[in-house]
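Undergrad: This is the structure I have questions about; it appears just below.
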Amino acid sequence: MTRIISNEQIAPDVFVMKIAGSYKGRMGQFYMLRADDGYRGDSYPLLSRPLSIHDRGDDYIAFLYRVHGRGTAILSRMTAGQQVLLEGPFGNGFPVLDDPGRIALVGGGMGTAPLLLAARHYAQADIYLGFSGDTFGVESLRQAVESDTRVKVMNSRYKSILELLEPGWYDTILACGPAGMLKALAECTAAANEAALHDGEGYPASTHLYISTEKHMACGIGACLTCTVQTTSGNRRTCVEGPVFAAEEVDWNDLTTV
């Protein structure tokens, strides 16, 4: 049980909740949150909500979330000074690399949520953000990297942020967003890697792509198996072995049917 510092609405149905305390957690990991109602037997929703770590400091942790259902609606109505129940960190986050080379962070919509902590770690990263409506979280990302010119934003219902990205130029790409966007990025990256085998002048020999999936989670600890995804290594639980996977592991036919 811990205290809310602030719960700010930053776009329609989009909030950033900042919570007091010293917490662990790597970029791409998540916590389970719920309003503090004492876990009454008749309380609804019964399960906590998984929220990826948006930001973290010495005395706070923050979560960017969209209202989507009863649980997040309850969270959105909470105010500074109220208590929430917080468990974590859980999951397999983005890789911590000593030398990522040329690195890009790619986010689509709510996929921007885990990228702020990643940008604080990889301040040299280029950032690509795609929205189909109201933008949010952009200024924080601009402040996190070495130069705000590293942040590219596209807000369109008809174009993809991937139109601005050349995957083959980067050694490492970390991405989060809708499954369709992630699949398209994986295909572009694979094509760039194939091309690099033939000429590759000025490009890395291989671009390593890591994606954070957004498959529904219930328990957050791997017990219920509702978040299972198919990979080249067999079935994997998004909340334990994921949510971050190397792109080449993913069965995209499975993921894009979520």
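What follows draws every value from the coordinates through simple rules; no lab data is involved. Treat the numbers as computed from the prediction; the structure is a model and nothing was measured. Neighbour counts run over all protein chains shown; Cβ positions are idealised from the backbone, glycine included.
Undergrad: For the list (1) closer than 21 Å to residue 61 by Cβ; (2) surrounded by fewer than 20 Cβ atoms within 10 Å (Cβ to Cβ); (3) in contact (Cβ under 8 Å) with a residue 24 or more places away in the chain, I need the number of the one condition that residue 144 fails.
TA: (2)
Undergrad: Restricting attention to segment 86-115, and to residues there that are in a strand (DSSP E or B) and not small (Gly, Ala, Ser), which single residue is nearest to residue 155 (Cα to Cα)? Write out each step before concluding.
TA: Quick first cut of segment 86-115, residues in a strand (DSSP E or B) only: 86-90, 92, 103-108.
The next check asks that each one be not small (Gly, Ala, Ser); those that pass are 86-87, 89-90, 92, 103, 105-106.
Details: 86: 33, 87: 34, 89: 32, 90: 31, 92: 30, 103: 22, 105: 17, 106: 14 Å.
Top of the filtered list is 106.
Undergrad: Taking the condition of a type outside the set (A, V, I, L, M) and closer than 24 Å to residue 186 by Cα, does residue 26 pass?
TA: Spelling it out, residue 26 is indeed of a type outside the set (A, V, I, L, M) and closer than 24 Å to residue 186 by Cα.
Undergrad: Among the residues of segment 122-148, how many are among the charged types (D, E, K, R) and not in a loop (DSSP other than H, G, I, E, B)?
TA: Selection size over segment 122-148: 4.
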